[in-house]
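Let me begin by presenting the structure, written as structure tokens, before commenting on it.
What follows is calculated from the coordinates using simple rules that are stated; it is not laboratory data. Everything numeric in this text was worked out from a predicted model, so none of it was measured. Cβ coordinates were reconstructed from backbone atoms using ideal geometry, including for glycine residues, and neighbour counts include every protein chain displayed.
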């Protein structure tokens, strides 16, 4: 019994640790979190309009409205929800996971927040003033919209915000080492910190690269769009496209890293499982991202004439490497659960049944990881030079990116938000039944969207097109597939989003008050695992990886099969 | 040091007595590292197996050999829009049929100009079994060339200032819709053209019947869209 008490004491310490963060730091985190949630609410609201326009059964294709809403939806969801929530997570990594340590400068943190918020406002004014440029805002197309300068200016603000908060985080990390010149002291600090805090440190060079690329892109683009400098528009467009894709590619991996970092915290909070592997393995895997990610930007340009074939082939080979750290992290997180659960005497698969499936944060974690694996597999054909032309620019792109950023990253963030709101506001979750359903519904909705959307992509449905009828010339299958993807998948996603907003909103204002943060009860309570034996074997955790590898090989073979049988051969 | 602490906790958790503590702790440490590490090594092997895709590229080349290699739209030629417009105009003038469509010649390049929101020419006729060179350029913004082949498509980006050069060989007769799948402005949804692949022998009959021309003419396509899909 004593051992069980000790284990549960140990597990509760993370909740206490998070609860101990300083109220001033918590306020900044809360500001970022709430701003992020508002951006997400906006992204979902505009998505509702997109669902109506893009579901052929409704018969309401409205081009101008569609492109405006699509621009706003993507900027709110992909740029601002992530910018805000990831800043909050970064602050949490520097304070809440560091036993109440303080942020280096609160003022700098608030300045960063002000810049990010200003960016959001400027961008939304731009979108609703008629900058129908989509979030990519490629010149020279963007120049034909008078409000385009506001899009570029907003992006410069959000980049400045990201720079300041990352600088603040980095300065905070520096305060953790007393003797700055001592390698030993740095090694000790890096080995002591939480895996997730280490992940945030690994993201710093990537974030600085994004900020640098953003300034290279948007300063001349902004000045050009207001007529202060004149450039050869087409020449500039070519350079912009290349630099843009370097930046855009790296941006994708910040949610991937942050999501995995959050997964390590969630697995501890929900199941109490601890790593059975040396923590340096997980930390080392995070170091792979800054090494592997930047050179793999080429895979976004596989159908471009401006990239030589040799570069595309090298890019394809390198692109395969970006799966590896994520696959191994998924193995470690699953292995933590497996070893922890099986130490209580459960069998080879029996442990899965005893997981806390009713805990919404756990459901977010497990469904998020599953969706991440499936969406990752769907990228296989797009990453390869020889097969990318089958899907480039088709609906298969949003069909994998939405499960990735909503069904995986955002869902896992939602999982930690359930805890953050409960712990920091000392409130029990409101509407536990709704909260239980929400992660499963969101995940299933995105998987329906992914399934029908990917089939639509294979059938040739173009992405970013309001009316896919092409004067009645489009294949009949397009309508059916888009009805399922947008009508069914899209609508279910909206419902799951509303459930999340209602549960979180009501918890903030009407959740039962807790005396202390560590009192967490109900579904969010940590799983009680009573160890009866030592267990360090994780065979089940290997299975998802095996399935993933087989699936990407099959997708590749399938793509080759389709391409080999095209009625028009391209070479 | 960390591993020692973790192993110590594990030993305590199974209730080892004080006498056997030291021995039990060492054994547990050895078991934990041995047990978990072998699975970790297996996970690394599985994760790196994604690189098996690379030999598949070679296998694909062997299964579907192509006369001009298997790779598409490599680095294009940098060309001014006006130069390309001239070539396109000459190509259309030389090969235009009375219905406005253009019949391509397999030993001369096909030129297609992409402009907001149309392709020029807007109907191209090819003969099954022949190989063609296709060159495309945009005069304004980035567009795309997305050929619909029934239940699948081929997609390439068409840029300003950089020619997209493709080799294509139609094998099955039919009418193929080509759409722009890169957002190019508010009229993007209406940017498309047709590629009509005819039986090889049809190419010899340069004069088509009036009825056939009407059937393929852009004005009547809206009414007869069903026939303009790739039929199998």
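Below, the figures for the structure above:
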{"read-out": "Cα Rg, Dmax, segment A:11-50, angstrom units", "value": "15.2, 44"}
{"read-out": "Volume in Å³ per residue [convex hull over Cα atoms, computed for segment A:422-571]", "value": "197"}
{"read-out": "Estimated [θ] at 222 nm from DSSP helical runs (n ≥ 4, -39500 (n - 2.57)) normalised by residues in chain A, nearest 500", "value": "-22500 deg cm²/dmol"}
{"read-out": "Rg(Cα) / (2.2 N^0.38 Å) computed for the protein assembly as shown, rounded to two decimals", "value": "1.01"}
{"read-out": "Values of log10 I(q)/I(0), in the order q = 0.19, 0.23, 0.26, 0.27 Å⁻¹, for segment A:113-182 under a Debye, Cα-only, solvent-free model", "value": "-0.72, -0.90, -1.02, -1.06"}
{"read-out": "Paramagnetic reach from residue B:122 in segment B:170-198 [backbone N under 11 Å; point 7 Å along Cα→Cβ]", "value": "B:191-194"}
{"read-out": "Percent breakdown of C-alpha pair distances by 10 Å bin, ordered from the shortest bin, for segment A:527-571", "value": "21, 24, 20, 15, 10, 8, 3"}
{"read-out": "Average other protein chain Cβ within 10 Å of Cβ, residues A:437-444", "value": "0"}
{"read-out": "Cα coordinate range in segment A:59-108, projected on the principal axes (Å, largest first)", "value": "55, 21, 8"}
{"read-out": "Sequence of A:143, A:268 once ranked by neighbouring C-beta atoms within 10 Å, starting from the fewest", "value": "A:143, A:268"}
{"read-out": "With Cα atoms, 0 to 90° folded angle of helix A:543-564 axis to chain A main axis", "value": "10"}
{"read-out": "Principal axis dimensions, segment A:360-492 - Cα atoms, whole angstrom, descending", "value": "57, 31, 18"}
{"read-out": "Interatomic Cα distance distribution for segment A:37-150, bins of 5 angstrom, percent", "value": "2, 11, 17, 18, 15, 12, 9, 6, 5, 3, 1, 0"}
{"read-out": "Computed label-point distance, nm, for sites residue A:547 and residue A:357 using a 7 Å Cα→Cβ extension", "value": "1.4"}
{"read-out": "Unit Cα scatterers, Debye sum, segment A:235-382: log10 I(q)/I(0) for q = 0.10 Å⁻¹", "value": "-0.44"}
{"read-out": "Where labels lie 7 Å past Cα in the beta-carbon direction, separation of residue A:477 and residue A:183 in nm", "value": "6.0"}
{"read-out": "Globularity index of segment B:132-178, i.e. its alpha-carbon radius of gyration over 2.2 N^0.38 Å", "value": "1.23"}
{"read-out": "Inter-label distance for residue A:469 and residue B:41, nm, one decimal - labels placed 7 Å from Cα along Cα-to-Cβ", "value": "6.3"}
{"read-out": "Cα-only Debye scattering, segment B:96-135: base-10 log of I(q)/I(0) at q = 0.19, 0.27, 0.33 Å⁻¹", "value": "-0.57, -0.98, -1.17"}
{"read-out": "Between helix A:491-510 and chain A: long-axis angle, C-alpha atoms, 0 to 90°, nearest 10", "value": "40"}
{"read-out": "Crossing angle, helix A:106-128 versus chain A [Cα axis fit, 0-90 degrees, rounded to tens]", "value": "30"}
{"read-out": "Test item: A:458-468 mean partner chain Cβ contacts at 10 Å", "value": "6"}
{"read-out": "Other protein chain Cβ atoms within 10 Å, averaged over every residue that makes up A:469-480", "value": "5"}
{"read-out": "Antiparallel DSSP beta bridges within the protein assembly as shown, as percent of all bridges there, nearest 5", "value": "70"}
{"read-out": "Hydrodynamic radius (Kirkwood) for segment A:115-156, which is based on Cα pairs only, to one decimal in Å", "value": "9.8"}
{"read-out": "Projected-area mean, segment A:364-407, by convex hull of Cα positions, square nanometres", "value": "2.8"}
{"read-out": "Fraction in percent of alpha-carbon pairs per bin - 5 Å, segment A:189-315", "value": "2, 9, 16, 16, 14, 13, 10, 8, 6, 4, 2, 1"}
{"read-out": "Packing-based order for A:326-336, A:170-180, using average beta carbon neighbours within 10 Å, highest first", "value": "A:326-336, A:170-180"}
{"read-out": "Dimensionless Rg ratio for segment A:80-140, taking C-alpha atoms and the 2.2 N^0.38 Å reference", "value": "1.50"}
{"read-out": "Sites residue A:510 and residue B:97, calculated FRET efficiency, Cβ-Cβ separation with R0 51 Å, nearest 0.05", "value": "0.10"}
